[in-house]
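What follows is one structure encoded as structure tokens, with my remarks underneath.
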């Protein structure tokens, strides 16, 4: 797990620094860039974003300020995208779910149990990446960087031995992904639309009893404390991106 965390932190660090370096070259000195993330502040993602913000404030002599909104305080990913459009935010850290709500081309990478290895994922990603970035660009979002964070797995309150054993459970899915909901329904599951920042409450109340995410995210969001049974079969790649409003990027 430690190596996995280091890999995620390294990928996010490289991705975000790359974005800020380019932004710094775009005459953005003296401005505050507001970026929202669903990840808790004390998670590897949150700590890395805080470190980047501090380093760039120092490097720029205080002329660049990154204001990070952690832990979903700016809302779920749909809220973040809406706030970027009206310039309340200038960027956000998005998962596949957030990007799915912008372009259905993300489904090529997130259909459950479609890919079986990192090599398969990278092959498909190399082919669809230009289309994904072009689709996001049409929505005035520039992808500053991508990161592959391993794989998404099923988690449940009850022991699970196979994907079929989850078909009687209430499976949390993101409400902004109707195509994903239909995909699970066609496979015989009972999806329940729940935003990421509401899953913990839904697990406690019994509204849902299973979900799918990466092991690190399950631990960071404290979902694993309630649903601590993981099915060791990869569901889909755990893909993330930093997107910046073209209003800011193209200056």
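None of the figures in this text is laboratory data; all of them are computed from the coordinates on show. Since the model is a prediction, treat every value here as computed from it, not as a measurement. Reconstructed Cβ throughout: ideal geometry from the backbone, glycine too, with neighbour counts over all protein chains shown.
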Quiz item: Most exposed first by the Cβ proxy, i.e. fewest other Cβ within 10 Å, how do 201, 246 rank?
Solution: 201, 246
Quiz item: Running Debye on the chain with equal point scatterers at the Cα sites and no solvent, what base-10 log of I(q)/I(0) appears at q = 0.10, 0.14 Å⁻¹?
Solution: -0.47, -0.93
Quiz item: Can you give the relative contact order of the stretch 153-237 as a percent, counting alpha carbon pairs under 8 Å and 6+ residues apart?
Solution: 48
Self-check item: Computed helical MRE - 222 nm, the chain, DSSP H runs ≥ 4 contributing -39500 (n - 2.57), nearest 500
Solution: -12500 deg cm²/dmol
Quiz item: Among 155, 125, 224, which one shows the biggest mean-square fluctuation in a GNM of the chain, springs joining Cα atoms closer than 10 Å?
Solution: 125
Quiz item: What percent do you get for the relative contact order of the chain when only Cα pairs under 8 Å and 6+ apart count?
Solution: 27
Quiz item: Under a GNM of the chain (C-alpha, springs under 10 Å), which listed residue has the highest mean-square fluctuation: 172, 195, 117?
Solution: 117
Exercise. Calculate, axis by axis, the spread of Cα positions in the stretch 167-251 along the three principal axes, and write the results as whole Å, longest axis first.
Key: 51, 30, 26
Quiz item: Over the Cα atoms of the stretch 105-237, what Rg and Dmax result, in angstrom?
Solution: 15.3, 44
